[in-house]
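Here's the structure, in structure tokens; my notes come after.
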Amino acid sequence: MKLKKVLATLLSAALLTTCFAGCGGSKDASSGSASAGDDENKLVIYCPHPLSFINPLVEEFEKESGIKVEVVAAGTGELLKRVESEKANPLADIFWGGSLSTMKPKANLFEPYKSANEEHVQDAFKNTEGSITRFTDIPSVIMVNTDLIGDIKVEGYEDLLNPALKGKIAMADPSKSSSSYEHLINMLYAMGNGDPDKGWDYVEKFCRNLDGKLLSGSSAVYKGVADGEYVVGCTFEEGGAKYVADGAPVKLVYMKEGVISKPDGIYIIKHAKHMENAKKFIDFITSKEAQTLITQKLHRRSVRDDVPAPAGLLEKSQIHIITDDEQVVNKDKKAWLDKFKDIFTSVQ
């Protein structure tokens, strides 16, 4: 048992090291991010986003600024643990990603900074906290493989209880994936008609239909559906939108019971070694040019008031948008994750 744990730890470390993204300039993977303070013309980013999303923006920033960027890609939970463990000696400058429900309780890890573009950010997405810059708006969606779905109707959460979908639903562990945690919140509020305590009956039925399958991260969900390993998946809009735009046999369903659409954020790590470069990146990512690139090429909704929604996606006015109670969500996060784990384990 001890040997298994050691091997797992070594494998995890090796995977994280190899996840240094090759964005502009050479990356010394063997040295990790420990060299973050060696070169002032540098920026180190921790990011749970897919590299296909990160790279175009990083490359554009490097081209504009002349700053060399290193990206460490891993799950939100794993990267947050790194930030916490490195508080005395930060090895990264920016944390890029993670839902607000996941990140707000960790706000003390991040530096107050408001971007130069704050006046153009929609009122709903202003940085009122000081350390939380919103950069995209992301609805939760159900992704459907149109080659596999047949005549099974999927219009919302209730349809995911269909016995024909048992074991064919892609869902990540909400303690490891912020997009899956957002789906858990969405389920509780949508299926509880606004009262999350009344949504747990649905969650139990949903867990039964997962048939013991819970994936390790967000990317495994949309890739699993697109590749035909699963018929449907609970994911975030951009995770599936790129496949739709590329002509893959998939479609996005906005749950008829209600969709929670939340921004995700980008944050400067407290006492970052490359503080000025980090501020430049925040200003870049919220600029009209970068936000236009995000909508036109990367299929995400902008937080700015002067950038329209991506082509081919529903206008928010056509989606049944519901809201959660942020204070309740933040207060109950651990309890909800524990309860989900207990339910998932007990129904197997």
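The values are calculated or read from the model by the stated rules, or taken from the named source; none is laboratory data. These figures come from a predicted structure and were not determined experimentally. No Cβ is skipped: glycine too gets one built from the backbone with ideal geometry, and neighbour counts run over all protein chains shown. Accessible surface is based on the protein model in full, side chains and every heavy atom, while ligands, DNA and RNA are left aside. Shrake-Rupley method; radii C 1.70, N 1.55, O 1.52, S 1.80 Å.
What angle, in degrees between 0 and 90 and rounded to the nearest 10, separates the Cα long axis of helix 76-85 from the longest principal axis of the Cα atoms of the chain? The angle comes out near 40 degrees. Between the Cα long axis of helix 51-65 and the first principal axis of the chain there is an angle of about 30°, rounded to the nearest 10.
Would you please name the GluC sites (Glu not before Pro) within the stretch 133-241 that are DSSP coil residues with at most 14 other C-beta atoms within 10 Å of their C-beta?
Counting only loop positions with at most 14 other Cβ atoms within 10 Å, the GluC sites (Glu not before Pro) in the stretch 133-241 are E155.
Going 7 Å from the Cα of Q296 along its beta-carbon direction, which residues of the stretch 51-67 have the amide nitrogen within less than 19 Å of the resulting point? What the label zone holds, given the 19 Å backbone N cut-off, is 53-65. Between the helical axis of 2-18 and the longest alpha-carbon principal axis of the chain there is an angle of about 60 degrees. For the chain, modelled as a GNM whose springs connect Cα atoms under 10 angstrom apart, the maximal fluctuation among L109, L43, L252 occurs at L109. For K273, the lysines whose Cα comes closer than 22 Å to its Cα, not counting residues fewer than 8 places off in the same chain, are K27, K42, K63, K68, K81, K87, K106, K114. Counting only residues at least eight positions apart within a chain, or on another chain, the lysines with an alpha carbon under 19 Å from that of K153 are K166, K168, K205, K251, K256. Using a probe of 1.4 Å on the protein chains alone, the accessible area found for T235 is around 0 Å². Could you let me know the centre-to-centre spacing of the stretch 187-222 and the stretch 110-185, using Cα atoms, in angstrom? Taking the Cα centre of the stretch 110-185 as reference, the centre of the stretch 187-222 is 13 Å away. Only one item in (i) 1.16; (ii) 0.97; (iii) 1.40 matches Cα Rg over 2.2 N^0.38 Å derived from the coordinates shown, and that item is (ii). For the pair H271 and N162, a Förster radius of 45 Å applied to the C-beta separation gives a FRET efficiency near 0.30, rounded to the nearest 0.05. Report the gain in length on full extension from S65 to E129: 0.36 nm times residue separation, minus Cα-Cα distance, nm rounded to one decimal. Computed gain between S65 and E129 is 20.3 nm. Using 1/(1 + (r/R0)^6) with R0 = 25 angstrom and r between the beta carbons of K288 and L51, what's the FRET efficiency to the nearest 0.05? Using R0 = 25 Å, I get an efficiency of 0.55.
Give the percent of DSSP beta bridges with both residues in the chain that are antiparallel, rounded to the nearest 5. Restricted to the chain, the bridges split so that about 70 percent are antiparallel. For the stretch 112-245, with all protein chains in place and a probe radius of 1.4 Å, 43% of the accessible heavy-atom surface sits on carbon or sulfur.
How much area per residue is accessible in the stretch 163-220 when the probe is 1.4 Å and only protein heavy atoms are counted (Å²)? Walk me through the intermediate numbers first.
Working: 2190 Å² over 58 residues.
Roughly 38 Å² per residue, with all protein chains present.
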